[in-house]
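Encoded as structure tokens, the structure appears first; notes follow it.
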Amino acid sequence: MAVTTNKAKSEGIEWRRYKEGEKEGSFRSAQDIIFQASWTHKCPEYMLSTPPCQGSCPAGEDIRSYLNIVRGIEKPPAGVTWQEYAFRRVTEANPFPGVMGRVCPAPCESGCNRNMVEDHVGINAVEHFIGDWGIENNMVYTSTAAETGKKVAIIGAGPAGLAAAYQLRLRGHGVTIFDEHEELGGMMRYGIPGFRTPREMLDSEIKRIIDLGVETRLKTRIGSDITFEQIEKDYDAIFMAMGAQAGRPLPVPGAEAPNCVTAMAFLRAFNEGRLQHVGNRVVVIGGGDTSIDVATVARRLGNVTKSGTVDDRPEAVIAGHMAHDVASISAREGAEVVLVSRSTIDKMAANPHEVEHAQQEGIEIIGGVTPVAVVVDEKGRATALRVADFVMEGKETKLVEGTERDLPADLIVSAIGQGVDFAGLEQFNNNNGLMKADKNYRFPGKEHIFVGGDVLRPHLLTTAIGHASIAVEGIDAFLKGKKDLDKRPKVDVHHFDEIRQWLESGHEYKEVKGQIWGTDDRKDILHNFEDRSARHVIPHDDLFLGHFPKVERHVRDVIVLDKEGALGNFEERLQLLSDKDVVDEAKRCMSCGQCFECDNCVVYCPQVAVFKVKKKDNPTMGRYVDTDYGKCIGCHICADVCPTGYIIMGMGD
């Protein structure tokens, strides 16, 4: 007999509470069903997976791991503080935690499974804290690797080149960096303003790398100061990381005007201390983070009431001429700054928080328009940027008739993209202003040449760091005589290392070959454990989200400036979280794909089949529980209540 509820009847839905022939008295309780469910041969297996934060990080940082250190779950070795242990873990992948904790747009936070509960974990804020702690406590890098006698030339001293130098020295290879600038840092120094990456912080993080024994040859351009052929003769391998510091000019009539410049030239002049003012009206074309940097710098520089010579004009300074420091002797006034973008404001590529702050500083942002022409006067100088509304017909831009208007400008800055200066290295240009490489970042047809950073594809600083890490593995294999490089894993990140943790705790580890499975003779390996992190990123629906209560994120304070307050203000805006707030924020991490010792599986197992592994027997993360398969009935309750998705049902039919 089918039994239906009144609600089901009223809605015309027949919902069967009991099976045909079942009586109400014989109905088993929900508890009975749960605790006697799925009597199968399937039993729990322990599967380590990559969390989506790490899977979304272009540098492949072991984020879950250092958050577990900060929150106190993963204990540091004797005599090491959690701060130092976390610093060491972060910098295995990224030697610039202070820089990345400030300027990285944090794709890891967008991928964070905690977004399905209330809000992502503040990963960037934790990294910021760890990076600054490392500087304040004079942390240094050390290498225990024996010197190999091999020498690697690195062309470019930006994030990719410096990160590669760091990874190569950790492997014992000799490194020389060649760069045409006077100082190291590349885009971190010459493309990002100092109020976003304080120079003393940047210098400290670079110095740690150089102190590993990295040689540098600055103010040296390949192709003029030294030939590429000479570098090939002197070095065993080459890593090409020139970056993309050549800006793209505006492709409209009139853009050849002297006061129409590229964003890269503008930011370099500012970061070198040459650019002191920008005129009354500045128009920036872009929509990405670089255009926001240009606009906020222009807002801070402003104009001066007294003009010096013609050489004081911004375009003359940007072109490399020395200007009188009229800013120091004249009253400073705010410049009117307008940023125009083909994207609508909500679709701009720039970090939404940076867009909001720019607007608060009085920068006008006009979205959904396209540049049409640069209006010039009789002397050939730009006086305005002409823009118009548009629609896309396929790949073709069609202007909307009657929408053209002029935006007055004393300086026009194009922030529409970057390119590579291949002068002297023309043979490597792929005809699109970039270089080609395979999945190991090796240049096609040149087994000793590897590539990384913006020269492959202009993207994030952390992307360049990730390129370097992968390329160095290929360089290391090549220098050891391996011609054919291994296929890169599907999930290409820095993985959790059980053996290192085992040794750090003072245990002896006997190497095994092939698949690692636990046995009675190998207590240091968990039974039925598998590391699938090289091929699987765990989604939120594999987790038991009901375990996690809603906890508000600890947000870093940001100094918000208004139109007047931004003028002449070059102080850092992003504030550090306190020690307590950093720990509390790390506790919001759900440790996706790895056991974090919540005890749910032990508490809820009706057969008392799941048990804790004693720490003295196995001190490593993810080795906390095991199963007595003689007692297990395959009811899958342990997998159901596992918050992290670490337990899955397998082994059977």
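Side notes on the structure shown:
- Options Pro52, Pro76, Pro44: the member that is modelled with pLDDT of 75 or more and over 23 Å from Asp542 (Cα atoms): Pro76
- Exclusive hit being farther than 24 Å from Leu545 by Cβ and within 25 Å of the chain's Cα centre (by Cα), set Leu576, Leu561: Leu576
- Per this entry, Val126 is not counted among residues that are β-branched (Val, Ile, Thr) and not in a helix (DSSP H, G or I).
- Asn440 vs. criteria within 21 Å of Ala241 (Cα to Cα), surrounded by fewer than 17 Cβ atoms within 10 Å (Cβ to Cβ) and modelled with pLDDT under 95: no
- Test result for Ala146, assigned by TED's automatic domain parsing to the domain that holds Arg196, small (Gly, Ala, Ser) and outside any strand (DSSP E or B): no
- Taking the criterion of being part of a loop (DSSP other than H, G, I, E, B), surrounded by 21 or more Cβ atoms within 10 Å (Cβ to Cβ) and either in contact with a Gly (Cβ under 6 Å, 6 or more places away or on another chain) or at positive phi (or both), the residues of region 381-415 that qualify are Asp410, Ala415.
- Answer from Gly174, Gly186, Gly194 - the residue that is crowded, with 22+ Cβ neighbours inside 10 Å and of a type in the set (Gly, Ala, Ser): Gly186
- Among the residues of this structure, Ile559 does not count as one that is buried (at least 16 other Cβ atoms within 10 Å of the Cβ), among the β-branched types (Val, Ile, Thr) and either free of Cβ contacts under 8 Å to residues at least 60 places away in the same chain or closer than 20 Å to Cys592 by Cα (or both).
- Scanning region 321-336 for residues that are touching a helix residue (DSSP H, G or I) at 6+ places or on another chain (Cβ under 8 Å) and either at pLDDT 95 or above or in a loop (DSSP other than H, G, I, E, B) (or both) yields His321, Met322, Ala323, His324, Gly334, Ala335.
- On inspection, Gly593 fails the criterion of being more than 26 Å from Glu504 (Cα to Cα), of a type outside the set (Val, Ile, Thr), at pLDDT 85 or above and buried (at least 19 other Cβ atoms within 10 Å of the Cβ).
- Filter result (touching a helix residue (DSSP H, G or I) at 6+ places or on another chain (Cβ under 9 Å) and either farther than 28 Å from Asn351 by Cβ or modelled with pLDDT under 95 (or both)) within region 143-166: Ser143, Thr144, Ala145, Thr148, Lys150, Lys151, Val152, Ala153, Ile154, Ile155, Ala165
- Evaluation of Leu218 against the conditions (1) of a type outside the set (Lys, Arg); (2) buried (at least 17 other Cβ atoms within 10 Å of the Cβ); (3) within 24 Å of Gly419 (Cβ to Cβ); (4) modelled with pLDDT of 95 or more shows that the sole unmet condition is (2).
- Taking each residue of region 238-257 that is farther than 23 Å from Thr227 by Cβ and looking for partners that are among the polar types (S, T, N, Q) and modelled with pLDDT of 90 or more with beta-carbon atoms closer than 7 Å, six or more apart or interchain, yields Gly247/Thr262; Gly247/Ser414; Arg248/Thr262; Arg248/Ser414; Pro249/Thr262; Pro249/Ser414; Leu250/Ser414.
The values are calculated or read from the model by the stated rules, or taken from the named source; none is laboratory data. Because the structure is a prediction, the values reported are computed rather than measured. With ideal geometry, Cβ positions are generated from the backbone for all residues, glycine too; neighbour counts draw on all protein chains shown.
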